[in-house]
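**Student:** Pasting in a structure now, in structure tokens, and then I'll have a few things to ask.
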Amino acid sequence: MARPNTKAYQKTDRMTLQINSFDEYKEVYKRSVEDPEGFWAEQASSFTWKKKWDKVLDWNFKEPNVKWFVGGQMNITENCLDRHLEERGDQVAILFEPNDPDAPNKTYTYKELHAEVGKTANALKANGIGKGDRVCFYMPMVPELAIGVLACARIGAIHSVVFAGFSAQALADRIKDATCKAVICSDYNARGAKNIPVKKVVDDALAMGCDSIETVLVHQNTGGEVQMETGRDKWWHEEVDGQPTDCPAEPMDSEDMLFILYTSGSTGKPKGVVHTCGGYMVYTAYSFQNVFQYKPGDIYWCTADIGWITGHSYIVYGPLLSGATTVMFEGVPTYPDAGRFWQVCEKLKVNQFYTAPTAIRALMAQGDEYVEQYDLSSLSVLGSVGEPINEEAWEWYHEKIGKKNCPIVDTWWQTETGGIMIGGLGSHSPMKPAHAGYPLPGIQPCLLDADGNELEGNGIEGLLCIKYPWPSILRTTYGDHERCRQTYFSAFPDKYFTGDGARRDKDGMYRIIGRVDDVINVSGHRMGTAEVENAINEHPMVVESAVVGYPHDIKGQGIYAYIITAGPVEDEEAFRKEVLAVVTKEIGPIAKPDKIQVVSGLPKTRSGKIMRRILRKVASGDTSNLGDTSTLLNPEVVDEIKNNALV
Ligand code: PRX
């Protein structure tokens with residue numbers, strides 16, 4: 001057997017990854033698709049590897065089986081933390097803006113963050129958590145969430161962060177699916193004027209039979225009262241504070257799991273998207289540095305929650321891998337008023353600002369006076385993510401926030417892609433309202449017709465697929481590889497299917513149209529129609545339901561539910577409230593339908609399939625041409641649904 005190459009492979013000049021003009025982009029892009037392996041090997045060489053890889057890429061999209069930097073060993077936290085200590089140990093790594101605007105900012109320099117992560121990692125080990133164990137996080141946006149996630153990565157434990165707005169039931173489902181050994185949570189979540197119980201939700205979830213959980217580590221956030229179960233529940237500060245700051249980084253294979261993140265699809269329960277260490281590291285850093293054109297000393301703020309992929313890749317990993325100062329915001333955009341984002345931008349002198357169209361639309365609706373009182377001259381790049389940004393919101397963002405001086409990078413990507421796939425590179429790319437633009441280097445998108453034929457040229461529209469692997473592509477769905485194959489790799493041979501439709505305009509710029517499957521995008525959050533329907537069906541009066549998305553001014557899409565009940569509904573308003581309560585209990589408030597219409601039947605084909613096309617049209621207020629309904633099993637319900645539509 002050949003001796004493993006254990007020589008540390010290190011190069012610390014991080015910013016050499018950056019592209020500096022559109023011409024350079026074109027050149028780099030060309031090289032990246034002509035020689036992907038050479039290109040990514042070059043990018044990967046700027047990181048610290050414990051052992052260099054033997055092979056850059058091994059792949060097929062059939063099984064699928066994708067491996068990057070095969071045989072390499074590293075630890076992502078050494079690259080996020082240790083690697084920066086010499087050059088920027090005293091620079092702020094995490095800049096925490098608390099919910100309360102009058103509370104002081106809390107900061108962690110790279111040295112301090114390194115020490116906190118070390119202590120926390122040692123505390124996890126002391127609690128019997130080790131490499132390969134799954135640890136669930138259910139926390140508000142406090143620094144301890146980032147620290148805990150990094151502590152897992154330090155010792156090779158796999159983190160599964162669950163957004164703290166999900167219900168106990170949804171949390172329990174995720175804990176069980178990943179058979180997590182521990183949950184890390186806070187006592188309460190200070191969000192706007194609310195103080196939301198967090199530990200209580202964990203208690204309720206664990207009462208649903210999460211037998212794999214041995215430890216609950218509770219971070220004291222607001223100091224509110226919680227119940228602690230002896231033996232199982234432990235205080236973060238008691239476990240972490242006395243630990244040594246030094247914790248050796250576990251050597252991880254490039255393809256060892258880094259994390260699981262649950263996301264909704266068109267069928268069944270949410271699935272655990274799996275990302276692995278090496279490729280995710282290379283791609284999140286590369287995309288972060290190029291899209292945001294981050295320069296040393298800049299203050300970067302992404303307003304997402306770490307419960308979503310955007311927070312994983314572009315609050316924690318991408319920025320820290322790049323030695324950036326990343327802002328973590330605990331609060332909400334409208335507390336204490338609709339000027340909070342802009343007040344924080346002024347106060348912290350934010351350079352790159354990354355948010356979602358839904359937030360932009362909501363703030364735009366509040367009036368310009370909330371913006372005008374703040375000095376936003378520090379801003380240099382504005383980002384958008386999660387859903388299509390409409391032209392009106394784009395223009396407002398560009399004019400009122402960017403003062404027409406900042407490029408808008410409209411970034412298209414997904415939980416499954418791990419990092420930004422299509423989007424501008426700071427000010428170097430041409431931009432057009434509502435267009436994500438060009439693919440990042442190494443990304444090979446294509447548009448297909450319904451038969452799977454690739455559409456050539458520009459000025460076309462089709463199903464968005466990717467035809468070659470990139471380093472942060474999902475590797476599997478946790479515990480169910482077949483589901484991964486079915487969902488993403490079976491629609492079209494040798495292609496990753498995104499579920500989105502897109503247009504490539506005359507200049508070759510991509511415009512994302514939206515999902516072509518049964519996924520609804522509400523305020524940038526993915527909801528599966530089946531998932532919401534299953535929740536609604538838990539109501540004892542509900543016989544059957546069908547849920548569709550419809551255009552919503554602020555949220556992008558709203559949820560419209562058609563419900564068949566067992567017998568007449570006496571009090572529609574009371575019934576509506578009960579349905580909302582059931583959905584909140586089963587999934588969380590983000591999945592609550594905006595409109596509920598009680599119907600006597602749902603339009604079905606002769607094979608019993610619900611004709612969602614008709615329901616979508618009615619929900620969007622367009623009943624002019626519902627197409628041929630004569631072949632339906634029950635054409636008579638269409639008129640009833642149309643006449644009673646809530647539009
Ligand atoms: O439909 C696309 C939409 O969000 C979906 C992915 O959702 P999720 O996995 O939750 O990740 C969101 C954050 C990366 C996509 O399939 N989407 C995301 N970004 C954009 C977008 N639609 C249009 N434009 C975007 N910039």
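The values are calculated or read from the model by the stated rules, or taken from the named source; none is laboratory data. Because the structure is a prediction, the values reported are computed rather than measured. Cβ coordinates were reconstructed from backbone atoms using ideal geometry, including for glycine residues, and neighbour counts include every protein chain displayed.
**Student:** Mind checking which pairs have a first residue in the stretch 629-640 that is free of Cβ contacts under 8 Å to residues at least 40 places away in the same chain and within 13 Å of residue 599 (Cα to Cα) and a second that is part of a loop (DSSP other than H, G, I, E, B) and not hydrophobic (A, V, I, L, M, F, W, C), Cβ under 6 Å, 6 or more apart or different chains?
**Tutor:** 634/601; 637/601; 637/603; 638/603; 638/629
**Student:** Among the listed residues 269, 295, identify the single one that is of a type in the set (D, E, K, R), under 20 Å from residue 487 (Cβ atoms) and assigned by the TED database to the domain that holds residue 170.
**Tutor:** 269
**Student:** A follow-up question, please. Residue 414 is checked against (1) within 28 Å of residue 469 (Cα to Cα); (2) in contact with a helix residue (DSSP H, G or I) (Cβ under 7 Å, 6 or more places away or on another chain); (3) surrounded by fewer than 22 Cβ atoms within 10 Å (Cβ to Cβ) and fails just one. What number does that condition carry?
**Tutor:** Every listed condition holds for residue 414 apart from (2).
**Student:** State the number of residues belonging to the stretch 334-353 that are closer than 17 Å to residue 368 by Cβ and either free of Cβ contacts under 8 Å to residues at least 40 places away in the same chain or touching a Pro at 6+ places or on another chain (Cβ under 8 Å) (or both).
**Tutor:** Here the count works out to 7.
**Student:** So in the stretch 340-370, with the set limited to residues that are closer than 19 Å to residue 105 by Cβ and aliphatic (A, V, I, L, M), which one is surrounded by the fewest Cβ atoms within 10 Å (Cβ to Cβ)?
**Tutor:** 348
**Student:** Would you confirm whether or not the stretch 450-457 contains a residue that is away from the ligand (no atom under 12 Å from the Cβ), in a strand (DSSP E or B) and over 22 Å from residue 383 (Cα atoms)?
**Tutor:** Checked the stretch 450-457: at least one residue is away from the ligand (no atom under 12 Å from the Cβ), in a strand (DSSP E or B) and over 22 Å from residue 383 (Cα atoms).
**Student:** Is it fair to say residue 335 is closer than 16 Å to residue 93 by Cα and away from the ligand (no atom under 16 Å from the Cβ)?
**Tutor:** no
**Student:** Which residues, counting only those in the stretch 425-475, are of a type in the set (Val, Ile, Thr) and farther than 30 Å from residue 258 by Cβ?
**Tutor:** First pass over the stretch 425-475, keeping only residues of a type in the set (Val, Ile, Thr): 443, 460, 466, 473.
Passing the criteria: only 460.
**Student:** Search the stretch 175-205 for residues being in contact with a Lys or Arg (Cβ under 9 Å, 6 or more places away or on another chain) and closer than 20 Å to residue 275 by Cα, and hand back the single one that is surrounded by the fewest Cβ atoms within 10 Å (Cβ to Cβ).
**Tutor:** Going through the qualifying residues, I end up with 179.
**Student:** What strands (runs of 3 or more DSSP E) completely inside the stretch 540-605 contain at least 1 residues that are free of Cβ contacts under 8 Å to residues at least 24 places away in the same chain and surrounded by fewer than 20 Cβ atoms within 10 Å (Cβ to Cβ)?
**Tutor:** 542-552
**Student:** Regarding residue 278, is this residue outside any helix (DSSP H, G or I), more than 18 Å from the chain's Cα centre (by Cα) and at pLDDT 95 or above?
**Tutor:** Working: outside any helix (DSSP H, G or I): no; more than 18 Å from the chain's Cα centre (by Cα): yes; at pLDDT 95 or above: yes.
Here the answer is no, as residue 278 does not meet what is asked.
**Student:** Right, residue 589: away from the ligand (no atom under 16 Å from the Cβ) and either aromatic (Phe, Trp, Tyr) or under 26 Å from the mean Cα position of the chain (by Cα) (or both) or not?
**Tutor:** The answer is yes for residue 589.
**Student:** I would also like to ask the following. What residue, among those in the stretch 613-647 that are touching a Ser or Thr at 6+ places or on another chain (Cβ under 8 Å) and not hydrophobic (A, V, I, L, M, F, W, C), is surrounded by the fewest Cβ atoms within 10 Å (Cβ to Cβ)?
**Tutor:** 631
Residue-by-condition table, conditions (1) closer than 18 Å to residue 422 by Cβ; (2) outside the structural domain of residue 421 (by the TED database); (3) touching a residue at least 12 places away in the same chain (Cβ under 8 Å); (4) away from the ligand (no atom under 12 Å from the Cβ):
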{"position": "366", "(1), (2), (3), (4)": "no, no, yes, yes"}
{"position": "371", "(1), (2), (3), (4)": "no, no, yes, yes"}
{"position": "385", "(1), (2), (3), (4)": "yes, no, yes, no"}
{"position": "390", "(1), (2), (3), (4)": "yes, no, yes, no"}
{"position": "404", "(1), (2), (3), (4)": "no, no, no, yes"}
{"position": "407", "(1), (2), (3), (4)": "yes, no, yes, yes"}
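**Student:** Go through (1) of a type in the set (Ser, Thr, Tyr); (2) over 28 Å from residue 174 (Cβ atoms); (3) within 16 Å of the ligand (Cβ to nearest atom) and name the single condition residue 498 misses.
**Tutor:** (2)
**Student:** Oh, and also: Would a scan of the stretch 516-526 turn up a residue that is among the small types (Gly, Ala, Ser) and within 16 Å of the ligand (Cβ to nearest atom)?
**Tutor:** Yes: the stretch 516-526 contains one or more residues that are among the small types (Gly, Ala, Ser) and within 16 Å of the ligand (Cβ to nearest atom).
**Student:** A further question follows. Would you be able to say whether some residue in the stretch 415-434 is of a type in the set (S, T, N, Q) and free of Cβ contacts under 8 Å to residues at least 24 places away in the same chain? Reasoning before the result, please.
**Tutor:** Of all residues in the stretch 415-434, those of a type in the set (S, T, N, Q) come to 415, 417, 427, 429.
Filter once more, keeping what is free of Cβ contacts under 8 Å to residues at least 24 places away in the same chain: none.
So far as the stretch 415-434 goes, no, none of its residues is of a type in the set (S, T, N, Q) and free of Cβ contacts under 8 Å to residues at least 24 places away in the same chain.
**Student:** Return a yes/no flag: does the stretch 310-320 have any residue that is in the same structural domain as residue 415 (by the TED database), away from the ligand (no atom under 16 Å from the Cβ) and part of a helix (DSSP H, G or I).
**Tutor:** Yes, that holds for at least one residue.
**Student:** Of all residues in the stretch 420-449, which are more than 9 Å from the ligand (Cβ to nearest atom) and of a type in the set (Gly, Ala, Ser)?
**Tutor:** Across the stretch 420-449, the qualifying residues are 424, 426, 427, 429, 437, 442.
**Student:** Pairs under 6 Å by beta carbon, first residue over 29 Å from residue 264 (Cα atoms) in the stretch 288-315, partner of a type in the set (D, E, K, R), six or more apart or different chains?
**Tutor:** Close Cβ pairs satisfying both conditions: 299/349.
**Student:** Which one of these is surrounded by fewer than 21 Cβ atoms within 10 Å (Cβ to Cβ) and in a loop (DSSP other than H, G, I, E, B): 441, 433?
**Tutor:** On the way: 441 fails: surrounded by fewer than 21 Cβ atoms within 10 Å (Cβ to Cβ).
433 is the lone residue from the list that is surrounded by fewer than 21 Cβ atoms within 10 Å (Cβ to Cβ) and in a loop (DSSP other than H, G, I, E, B).
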